[in-house]
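The values are calculated or read from the model by the stated rules, or taken from the named source; none is laboratory data. Everything numeric here is computed off the predicted structure, so don't read it as measured data. Here the Cβ positions follow ideal geometry from the backbone for every residue, glycine too, while neighbour counts run over all protein chains shown.
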Amino acid sequence: MGLIKRIRIKPRVRKSFDPSSDPSVLKAAGNALPPKIIAHSYNSNDYFTEEISSIESLNALLTKYPKYTHWIDVKGLGDVNLLEQIGQKFGIHELVIEDIVNSNQRPKLDEYDGYLFSVSRMLYTNPESLIENEQISFLLLPNVLLSFQENYHNCIDAVVERLKAGKGSLRTGGTSYMMYALMDMVIDNYFTLLNQLGDQLETLEELLYRRPNKSLMHDTQEIKRAMIMIRRASWPERDKLNDIIRSESLLITAETKTFVRDVYDHCMQVIDLVESYKEVTTSLIDMNLAFLSNKMNEIMKVLTVISSIFIPLTFIAGVYGMNFAYQDPETGKVLHKNMPELYAENGYVYTMIVMLIIALLQVIYFWRKGWLK
């Protein structure tokens, strides 16, 4: 099994918060993209789509197709003036527009007179294998659904293809059904991301049994961070879906609530998978640490065995390396308490034989104890 393709979290550029700022004064993030607006107008028989560049063209579109259902998809939040004009056009509260522009909101559902405001977190991997954490906001009106995305990514193009094909209830279910379809796509992206992370965890486990090292632990920790991010998005998403099911707003049809219950079940499955994978990542990190600790213990055991063998040999070599002469070379006096072996014939050979026997006895002892296995 080869090396894994790492999936990492893309760092988000957070907008600095000024406590003294006026919430009604909108300010786009420095990296916000200029808006691209695609309008989808449809009924049970017809489907039209066109790109919109101004509020005037939006008014013209709504006038041109008065009895159609409209999905206005806004990608890019860099033009605050255009967003304010859209809010004024549909009577949207300025704080709602602020929540759309400040894209660090948690999933939620807010009910207002005449419209609903909903937020989801879209999680997906870009071509660089970085996890994008993008906010997608919805404004649900009687015949118009507005969606706002931070990037130009085509993560909801599958809904557009279904809308073009005209199959199912997408053209006849109204704006609430369209919002359900987009939320369902958000949850499906969670499953896709979890499958990718699950495959990566399996590969990490295989590599861990082969060759535990610190890089595998770092990769596992990165996956754990991704799981925490998915959990932070899926738990409030579950609460939001539950609010939609319990909502008494006439903008959400009974048929749509039936489908939202299915999405709610899917969201619960996502939460269960996240909790399971979090436990797997924790166990892999603990296992890696245990393997590294055992490897260190094996190294220390080998060094201890080597040291134990050489300690008595070093002692013998040290004793006979002191060179205290048995006879004074100047006076010829015999020093009886000094080393009589210093000038012994074959003393070097005998000493080496003794040292070899001691080393062999120690090796046999360590082998019988099982320390050399």
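Only one of the listed residues (Asp262, Asp219, Asp199) is farther than 25 Å from Ser103 by Cβ, of a type outside the set (A, V, I, L, M, F, W, C), in the same structural domain as Asp113 (by TED's automatic domain parsing) and surrounded by 16 or more Cβ atoms within 10 Å (Cβ to Cβ). That residue is Asp219. Residues in the stretch 95-121 that are under 25 Å from the mean Cα position of the chain (by Cα) and among the acidic types (Asp, Glu): Asp99 alone. Taking first residues from the stretch 84-105 that are touching a residue at least 60 places away in the same chain (Cβ under 8 Å) and partners that are part of a loop (DSSP other than H, G, I, E, B) and hydroxyl-bearing (Ser, Thr, Tyr), the Cβ contacts under 7 Å between residues at least 6 apart in sequence or on separate chains come to Glu94/Ser24. Looking across the stretch 291-300, just one residue is surrounded by 13 or more Cβ atoms within 10 Å (Cβ to Cβ) and either of a type in the set (A, V, I, L, M) or modelled with pLDDT of 85 or more (or both), and that is Leu292.
Here is the figure for the stretch 108-127: residues that are under 16 Å from Ser247 (Cα atoms) and either assigned to a strand (DSSP E or B) or in contact with a strand residue (DSSP E or B) (Cβ under 6 Å, 6 or more places away or on another chain) (or both) total 10. Of the residues making up the stretch 319-373, those that are of a type in the set (S, T, N, Q) and modelled with pLDDT under 85 are Asn323, Gln327, Thr331, Asn338, Asn346.
Taken together, the residues in the stretch 329-364 that are outside any loop (DSSP other than H, G, I, E, B), among the hydrophobic types (A, V, I, L, M, F, W, C) and either under 18 Å from Val319 (Cβ atoms) or in contact with a strand residue (DSSP E or B) (Cβ under 9 Å, 6 or more places away or on another chain) (or both) amount to 11. Taking the stretch 88-98 as the range and being touching a strand residue (DSSP E or B) at 6+ places or on another chain (Cβ under 9 Å) and surrounded by 20 or more Cβ atoms within 10 Å (Cβ to Cβ) as the test, only Ile92 passes. Filtering Met355, Met339 for residues that are among the hydrophobic types (A, V, I, L, M, F, W, C) and more than 12 Å from Ile309 (Cβ to Cβ) leaves a single hit, Met339. All told, Leu208 meets the bar of being in the same structural domain as Ser41 (by TED's automatic domain parsing), at pLDDT below 90 and part of a helix (DSSP H, G or I). Only one of the numbered conditions (1) over 30 Å from Met217 (Cβ atoms); (2) aliphatic (A, V, I, L, M); (3) part of a helix (DSSP H, G or I) is violated by Ala325, and that is (3). Selection within the stretch 101-138: residues that are modelled with pLDDT of 90 or more, over 22 Å from Asp184 (Cβ atoms) and not aliphatic (A, V, I, L, M). The member of this set that is surrounded by the fewest Cβ atoms within 10 Å (Cβ to Cβ) is Asp113. Residue by residue through the stretch 70-81, note down the ones that are more than 34 Å from the chain's Cα centre (by Cα) and crowded, with 19+ Cβ neighbours inside 10 Å. Across the stretch 70-81, the qualifying residue is only His70. Within the stretch 46-84, restricting attention to residues that are closer than 19 Å to Thr172 by Cα and aliphatic (A, V, I, L, M), the residue that is modelled with the highest pLDDT is Ile72.
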